[in-house]
Amino acid sequence: MVRFTRFEITRVLSARSLQLSLGAPPLVKRTADLSMLQVAEKELKEKVLPLSILRKFPSGKITRVELY
């Protein structure tokens, strides 16, 4: 199991919140009282985000980690 840093989680949530605010369809059931950030958190918790994180290491190696 891959652990994500708090910086990676914050970056993913902010990017997804922006996508939702610009009109992207939510990938989970949404009620009217949830904010875009709460919807993004729910998507991350349910592991339905089709995003990945690129981790760059000092050695030059780049690792791709999928969120789901």
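What follows is calculated from the coordinates using simple rules that are stated; it is not laboratory data. Being a predicted model, the structure only gives us computed values, none of them experimental. Glycine also receives a Cβ, built like all others from the backbone with ideal geometry; neighbour counts cover every protein chain displayed.
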Once every Cα of the chain carries one equal point scatterer and solvent is ignored, give the base-10 log of I(q)/I(0) from the Debye formula at q = 0.22, 0.25 Å⁻¹, two decimals. -0.94, -1.14
Computed [θ] at 222 nm, helices only, for the chain once each DSSP H run of length n ≥ 4 contributes -39500 (n - 2.57): -12000 deg cm²/dmol
If each of Leu34 and Arg64 carries a label point 7 Å out from its Cα toward its Cβ, how far apart are those two points in nm? 2.8
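At a 10 angstrom cut-off on C-beta neighbours, averaged per residue, how do the peptides 40-52, 21-33 rank from highest to lowest? Please list the in-between numbers first.
Details: 40-52: 15.2, 21-33: 10.3.
Descending mean neighbour count gives 40-52, 21-33.
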